[in-house]
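Trainee: If you scroll down you'll find the structure; I have some questions about it.
The values are calculated or read from the model by the stated rules, or taken from the named source; none is laboratory data. Computed from a prediction, not measured in an experiment: that's the story for all the values here. Cβ placement follows ideal geometry from the backbone for every residue including glycine, while neighbour counts extend to all protein chains displayed. Please note that ligands, DNA and RNA were not included when accessible areas were found on the heavy atoms of the full protein model with its side chains. Shrake-Rupley method; radii C 1.70, N 1.55, O 1.52, S 1.80 Å.
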Amino acid sequence: MYPPPTAVKGYLQLGFDRLAGYDFVMKEQPMDHSLPRYTGQDQIPDVVKSWSGKKADLKGFMVPTRLEKGLVTEFLLLRDQSTCCYGANPSMNHFVVVKMAKGVAPAGDKVVKVSGTFKVNTNYDAFGIMTGIYELAGEKVVEAGE
């Protein structure tokens, strides 16, 4: 697949070339909510799963999903702007759900680098719809440039 990611100051340098480097196909969820939800874990390569729980840096575009007192506490980190706002729906492996312990300023249309603990974890909304397969417990967000 890819050579192992390098580490800088203990943080794996992950990128969407690695996280989105395979096809992820959404499957129908059972209508009966008492049945197990489809997690998609069978589609995620073992090498990607091996990074779960490790410190990582990721670059992408910030799309805020939760604000508190004008600061972003949760956002989607997108691979590119074509999946932002009015573009195509991104595949589950083309974005990361970032949850910040402390809010950060919105980044607009700038590329940001987010540092934190990466996790492969399937998330669902209140209706049982899959909302993501990757998470990052964000510690720091800085402008990254192109």
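Trainee: Kindly write out, for region 124-136 in residue order, the coupling ³J(HN,Hα) from the Karplus curve 6.51 cos²θ - 1.76 cosθ + 1.60 (θ = phi - 60°), rounded to whole Hz, with x marking Gly and Pro.
Mentor: 10, 8, 5, 9, x, 8, 5, 10, x, 10, 10, 9, 9
Trainee: Next question, about the same structure. Counting pairs of Cα atoms in the chain, how many percent are more than 20 Å apart?
Mentor: That fraction is 48 percent.
Trainee: Moving on to the next point. With charges only on Cβ, +1 for K and R and -1 for D and E, what is the dipole size of the chain about its Cα centre, in debye, rounded to 20?
Mentor: 540 debye
Trainee: Give me the aspartates and glutamates in straight-line cross-link reach of Lys113: C-alpha distance below 16 Å, same-chain residues under 8 apart excluded.
Mentor: Within reach: Asp17, Asp57, Glu74, Asp80, Glu135, Glu139, Glu143, Glu146.
Trainee: Right, another one. Can you list residues from other chains, or at least 5 along the same chain, whose modelled amide H is less than 5 Å from the amide H of Ser52?
Mentor: Residues meeting the amide H criterion: Val120.
Trainee: Same structure again: In the chain, carbon and sulfur make up what percent of the accessible area (probe 1.4 Å)?
Mentor: Answer for the chain is 55 percent, counting heavy atoms of protein chains only.
Trainee: Take the Cα atoms of region 4-67, build their convex hull, and give its volume per residue in Å³.
Mentor: Cα-based convex hull of region 4-67, divided per residue, equals 160 Å³.
Trainee: For region 5-13, what does the Karplus curve 6.51 cos²θ - 1.76 cosθ + 1.60, with θ = phi - 60°, yield as ³J(HN,Hα) per residue in whole Hz, taken in order and with x for Gly and Pro?
Mentor: My calculation for region 5-13 gives x, 6, 10, 10, 6, x, 10, 4, 8 Hz in order.
Trainee: Please identify the trypsin sites (Lys or Arg not before Pro) of region 51-129 that satisfy two criteria: DSSP loop assignment and at most 11 other Cβ atoms within 10 Å. Which are they?
Mentor: Lys69
Trainee: Among the aspartates and glutamates, which have Cα under 18 Å from the Cα of Lys27 when same-chain residues fewer than 8 positions away are ignored?
Mentor: Asp42, Asp125
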